[in-house]
Amino acid sequence: MLDAFEKLILKVLQRNGRASTQELSDAVGLSPSPCWRRVKRLEDDGYILRYAAILDRKKLGLNAFAHVQVSLIDHREASIDTFQSFIEQEDQVLECSSITGDFDFTLKIAATDPEALEQFIMHKILRLGVVRATTTTFILRQMKVAGALPIDL
């Protein structure tokens, strides 16, 4: 179980992963040394998986985002392994989730424009040889992209 200080540390780090130990200790009300020990313990215990920078997608020329639902031809281990290997190596696939319903997976994909997204689906996903069908839903506007997980649930 996390105590109140550890929950506060996680909240602060989700907003600012570059916060110094002093900034963290000021924000949570601990002295720097115990604060640093708690951060280290949170890292060691796997609560903090990694630190990352959040980039501006438009400055990078990524103007097309979509959710692509994928149905596999079959559910043999070899087919799933092929698909999973593809997902792991493709940077354009931002998220992949196994889902219930008519499709097996839903992907969140980034591309420079709709045509590049079409090329990615047609020339990469569908040519894997294990995908039966896809359905694409373009993201018109993102109104909330939190990235931070709720700590107090």
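The values are calculated or read from the model by the stated rules, or taken from the named source; none is laboratory data. Since the structure is predicted, the reported quantities are computational estimates derived from the model, not experimental observations. All Cβ positions, even for glycine, are placed from backbone atoms using ideal geometry, and neighbour counts span all protein chains on display. Side chains included, ligands, DNA and RNA excluded: accessible areas come from the protein's heavy atoms. Shrake-Rupley method; radii C 1.70, N 1.55, O 1.52, S 1.80 Å.
In degrees between 0 and 90, to the nearest 10, how far off the longest principal axis of the chain does helix 77-89 point, with axes built from Cα atoms?
Between helix and principal axis, roughly 60 degrees.
Calculated from DSSP H runs of 4 or more alone, at -39500 (n - 2.57) each and per residue, what is the 222 nm mean residue ellipticity of the chain, nearest 500?
Theoretical 222 nm ellipticity from helices: -10500 deg cm²/dmol.
If you keep only loop residues by DSSP, which trypsin sites (Lys or Arg not before Pro) in the range 82-153 have at most 16 other Cβ atoms within 10 Å of their Cβ?
Qualifying residues, ordered by number: ARG141, LYS144.
Roughly how many percent of the accessible protein surface of the chain is carbon and sulfur, given a 1.4 Å probe and a whole-percent answer?
52
What order do you get for 33-40, 54-61 when each peptide is scored by the mean count of other beta carbon atoms within 10 Å, highest first?
Listed from highest to lowest mean packing, they are 33-40, 54-61.
Rounded to the nearest 10 Å², what accessible area does MET143 have for a 1.4 Å probe in the complete protein model?
Number for this one is 150 Å².
Accessible area per residue of the range 22-148 at 1.4 Å probe, in Å²?
Per residue, the range 22-148 has an accessible area of 68 Å².
Can you bin the range 29-77 into rounded, prolate or oblate? Criterion: square roots of the alpha carbon gyration tensor eigenvalues sorted a ≥ b ≥ c, rounded for a/c under 1.5, prolate for a/b above b/c, oblate for the rest.
Oblate.
Among GLY29, ILE9, ILE80, whose Cα projects farthest towards the positive end of the dipole of the range 6-83, with charges put on the beta-carbon of Lys, Arg (+1) and Asp, Glu (-1)?
Positive-most Cα among the choices belongs to GLY29.
Can you pick out the pairs among LYS11/LYS40; LYS7/LYS58; LYS58/LYS108; LYS11/LYS59; LYS40/LYS144; LYS7/LYS59 whose Cα atoms lie more than 24 Å from each other?
LYS7/LYS58; LYS11/LYS59; LYS40/LYS144; LYS7/LYS59
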